[in-house]
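Below you'll find the structure, written out as structure tokens, and then a few comments.
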Amino acid sequence: MPLFSFPFTLTLALLLIAEQDAVFSDALNHASIIDGIRLCKAQKFRYKHLDLADLDEKLRTAQARIKLVVTDGVFSMDGEVAPLKEIVELCDKHNAVLLIDECHATGFLGMFIANIVTTDL
């Protein structure tokens, strides 16, 4: 599972996927994620904020070589934490890859360099 602490590297990673691939983005992802998705050539799907049923449906119906789910670990505007265990289960179910932006989670969940991935998974 790729983990990025800097939005620029996340954007660069998104540029590596091709037209036959698909990206699934939470509706409230950070602007840097949205910018990266706009630049990539993959099919683009936006699922309702933290709505796992909507994500499940989009993953089920999409035809793609690679299915890439992109989410913030912690959403910057309100501090909501992504339900990573459940998202991982959906990714496993649909043979998708999960990419998590940890920019806003680093240090948010602990005294040291803690993040949502090490805390939740």
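Entry remark, segment 38-48: residues being at pLDDT 95 or above and surrounded by fewer than 13 Cβ atoms within 10 Å (Cβ to Cβ) number 0 in total.
Examine segment 56-71 for a residue that is at pLDDT 90 or above, buried (at least 18 other Cβ atoms within 10 Å of the Cβ), among the small types (Gly, Ala, Ser) and more than 13 Å from the chain's Cα centre (by Cα), and state whether such a residue exists.
yes
For segment 76-88, a residue qualifies if it is within 14 Å of the chain's Cα centre (by Cα) and either aliphatic (A, V, I, L, M) or under 24 Å from Leu16 (Cα atoms) (or both), and the qualifying residues are Val81, Ala82, Leu84, Ile87, Val88.
Selection within segment 82-99: residues that are assigned to a strand (DSSP E or B) and out of contact with any helix residue (DSSP H, G or I) (no Cβ under 6 Å at 6 or more places or on another chain). The member of this set that is surrounded by the most Cβ atoms within 10 Å (Cβ to Cβ) is Leu99. Could you list all residues from segment 51-76 that are touching a strand residue (DSSP E or B) at 6+ places or on another chain (Cβ under 7 Å) and of a type in the set (A, V, I, L, M, F, W, C)? Result: Leu55, Leu59, Ala62, Ala64, Ile66, Leu68, Val69, Val70, Val74. The C-beta contact set for segment 71-88 (first residue under 14 Å from Asp51 (Cα atoms) and in contact (Cβ under 8 Å) with a residue 40 or more places away in the chain, second residue acidic (Asp, Glu) and assigned to a loop (DSSP other than H, G, I, E, B), distance under 9 angstrom, 6+ apart or interchain) comprises Asp72/Glu80; Asp72/Glu102. If you go through segment 33-75 and keep only what is under 25 Å from Glu19 (Cβ atoms) and β-branched (Val, Ile, Thr), you end up with Ile33, Ile34, Ile37, Thr61, Ile66, Val69, Val70, Thr71.
The values are calculated or read from the model by the stated rules, or taken from the named source; none is laboratory data. Remember, it's a predicted structure, so these values are computed and weren't measured experimentally. Quick reminder, even Gly has a Cβ in these numbers, built from the backbone with ideal geometry, and neighbours come from all protein chains shown.
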